[in-house]
Amino acid sequence: MVLVGTPVGYWMATHEFRGKAVLSTMFELPLVLPPAVAGLGLFAAFGRTGMLSSELDALGLQLPFTPAAVVMAMTFVAGPFYLRQAEAAFSAVDRDLLAAARTLGAGPAKVFLRVAVPLASAGLGAGAALGWARALGEFGATIMFAGSLQGVTQTAPIAIYLGFERGDFDHVYGLGAVLIAISAAVLLAAKLIARGRLPRFAPG
Amino acid sequence: MGDGPWVPPERRGVGLLFQDYALFPHMSVHANVAFEARADVEALLERLRIGHLATARPGTLSGGERQRVALARALAIAPRALLLDEPLAALDPSTRSAVAAELAQVIDEAGVPTVVVTHSYEEAVMFADQVAVIDRGAIVQRGSALEVLEAPASAFVAEFAGINYLLGTAAGTTVRLDGGQTVRTSDPADGRVAVLVAPWEITLALDAGGVGDSALNRIPARVDRVVVVGNRARVTLGSVVAEVTPESVERLAIRPGLEVVAVWKATATRVVSA
């Protein structure tokens with residue numbers, strides 16, 4: 001998510017091109033899409049009878065109901081959170097700094113790594129934390145595309161739901177408490193990153 | 001913009017000093033200068049007298065220091081040319097002239113062909129061997145600062161150089177200005193002309209008498225504005241600007257609305273066709 005979202009966010013923030021609005025709408029679609037629909041979409045594309053099934057078969061890959069499917073579902077749903085944050089963080093970087101680095105002889109890759117990413121790091125960190133938190137809570141897309149195989153593809157929220165159905169409340173409350181603690185810690189970390197880093201990086 | 005092939009900025013070898021310096025805020029002074037340095041960074045920092053700031057962040061520096069860091073960073077890449085975009089614009093007026101003098105010296109020592117973009121004729125004079133005046137995207141005049149001052153090619157150039165540019169119709173050494181007044185000049189001419197007279201050639205008098213005074217031009221005018229800049233006072237009289245000392249302004253009680261006489265010698269005027 002971070003590996004792909006960071007350069008894409010940078011690209012989106014520093015370039016104007018035809019169809020940018022369409023592209024960014026496509027990237028952001030999972031934000032507003034009901035997660036169940038997102039899972040259905042993934043299943044339609046990568047499922048056993050999906051659009052890419054013959055290509056996947058040729059590669060010997062089977063995705064649905066595997067741990068890889070969990071990761072795909074989470075990335076699909078949480079990625080846009082990170083991408084939006086990354087794009088906003090890069091947009092806030094003074095374009096003159098990027099231009100200055102270029103005039104000094106740095107190629108686009110060095111400008112990205114040495115100037116843009118460090119200056120956007122607070123926003124990127126916050127975006128990663130929020131995206132991760134969103135992935136943690138992922139339910140709909142995961143259960144549609146990855147199912148709920150205990151110990152394989154069962155995520156914590158799904159386990160909670162199924163435990164609740166069974167009436168296994170000890171288990172459910174325990175897991176819930178762990179998720180609350182993790183979520184609070186992530187949120188706190190995101191805030192600390194944003195507050196601790198921003199003043200130091202503020203130009204002026 | 002221009003024709004010619006597109007060269008990516010990192011391969012142009014042109015050191016660019018940004019108007020607000022564009023220093024990397026997340027790096028120390030040393031790291032800024034060393035970013036793509038091909039020259040000896042320490043020596044450069046010493047030469048620009050910022051060696052003691054090597055570990056400082058740009059955010060903690062004064063405007064003049066930041067400018068020196070930006071200049072060091074631009075020089076560190078051993079550029080084939082330097083481009084300074086309004087180098088003094090981001091400084092406050094009190095430090096501007098001191099920084100300008102330093103900057104001019106650094107540019108001289110660097111020995112790199114340098115283009116300075118400025119809106120100030122004084123800066124242009126301070127930095128440039130050659131001045132090119134750009135009006136609406138085109139170079140309208142180029143030459144030494146003195147050449148531009150002595151023979152501005154247009155009203156725009158004259159205004160930029162701070163020279164009075166009065167349009168009129170000449171017959172011999174007399175020019176009838178479009179405003180109705182008559183001016184005597186020492187260069188005979190005919191037809192449409194512009195009379196050039198430098199503000200510092202014009203003196204102000206309180207009465208039109210002038211008996212026993214050799215100055216031939218005595219033009220009554222009303223004071224519009226008095227602006228004191230340093231040790232000079234610029235007095236605007238309609239289309240004419242006179243430059244006198246602040247002491248004279250005080251002694252003659254020159255203030256907006258006062259009727260005065262602008263006086264200058266015929267030999268202080270030059271006439272160019274317009």
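Laboratory data are not the source of any read-out in this text; all were calculated from the coordinates shown. Just so we're clear, the structure is a prediction, and the values are computed from it rather than from any experiment. Note: ideal-geometry Cβ built from the backbone for every residue, glycine included; neighbour counts use all protein chains shown.
Mean-square fluctuation check for chain B, GNM, Cα pairs under 10 Å: which of B:Val228, B:Val157, B:Val175 is largest?
B:Val228
Which one of B:Ser97, B:Ser28, B:Ser214 has the biggest mean-square fluctuation once chain B is modelled by GNM with Cα springs under 10 Å?
Highest fluctuation of the listed residues: B:Ser214.
Rounded, prolate or oblate: pick one for region B:1-71, where a ≥ b ≥ c are the square roots of the eigenvalues of its C-alpha gyration tensor, a/c under 1.5 means rounded, and failing that, prolate if a/b is larger than b/c, else oblate.
Note, shape of region B:1-71 comes out prolate.
Dimensions of chain A along principal axes (Cα, Å, largest first)?
62, 43, 27
For region A:126-186, restrict the atom set to alpha-carbon positions and state the Rg and Dmax in Å.
For region A:126-186, the Cα radius of gyration and maximum Cα-Cα distance read 12.1, 37 Å.
Taking +1 at the Cβ of each Lys and Arg and -1 at the Cβ of each Asp and Glu, which of B:Ala89, B:Ala31, B:Ile50 sits farthest along the dipole of region B:9-128 towards its positive end, judged by Cα position relative to the Cα centre?
Result: B:Ala31.
Going out from 0 in 5 Å bins, what whole percent of all Cα-Cα distances in region B:164-273 drops into each bin?
So the P(r) values, bin by bin, are 2, 13, 24, 23, 19, 12, 6, 2, 0.
Springs between alpha-carbon atoms under 10 Å, Gaussian network over chain A: tell me which of A:Ala58, A:Ala89, A:Ala116 tops the mean-square fluctuations.
Answer for the Gaussian network model of chain A: A:Ala58.
Say the dipole of the protein assembly as shown comes from +1 at the beta carbon of Lys and Arg and -1 at that of Asp and Glu; which of A:Pro67, A:Val117, A:Gln154 then lies farthest toward its positive end?
A:Gln154
Would you mind checking the tilt of helix A:2-14 against the longest principal axis of the Cα atoms of chain A, expressed as 0 to 90 degrees and rounded to 10?
Around 40 degrees separate the two axes.
With charges only on Cβ, +1 for K and R and -1 for D and E, what is the dipole size of the protein assembly as shown about its Cα centre, in debye, rounded to 20?
580
Test of the criteria: in region B:109-210, which trypsin sites (Lys or Arg not before Pro) are in a DSSP loop and have at most 10 other Cβ atoms within 10 angstrom of their Cβ?
B:Arg136
What do you get for the angle between helix B:93-110 and the principal long axis of chain B? Use alpha-carbon atoms, 0 to 90 degrees, nearest ten.
So the inclination is approximately 60 degrees.
Evaluate peptide B:214-224: per residue, the Cβ atoms of other protein chains within 10 Å of its Cβ; return the mean as an integer.
0
For helix A:35-46, what angle does its Cα long axis make with the longest principal axis of chain A, in degrees from 0 to 90 and rounded to 10?
Computed tilt is about 90 degrees.
Would you calculate the convex hull of the Cα atoms in the protein assembly as shown and tell me its volume per residue in Å³?
242
Evaluate peptide B:31-42: per residue, the Cβ atoms of other protein chains within 10 Å of its Cβ; return the mean as an integer.
2
Would you calculate a helix-derived [θ] at 222 nm for chain A, using -39,500 (n - 2.57) for each DSSP H run of n ≥ 4 and dividing by the full residue count, to the nearest 500?
Helices in chain A give a 222 nm mean residue ellipticity of -23500 deg cm²/dmol.
For peptide B:6-13, what's the mean number of Cβ atoms from other chains within 10 Å of each residue's Cβ?
Counting Cβ atoms of other protein chains within 10 Å of each residue's Cβ and averaging gives 4.
Using only alpha-carbon positions, what ratio does the radius of gyration of region B:34-87 give when scaled by 2.2 N^0.38 Å?
In units of the globular-protein estimate, region B:34-87 measures up at 1.08.
When only C-alpha pairs under 8 Å and at least 6 residues apart count, what is the relative contact order of region B:164-273, in percent?
Value for region B:164-273: 33 percent.
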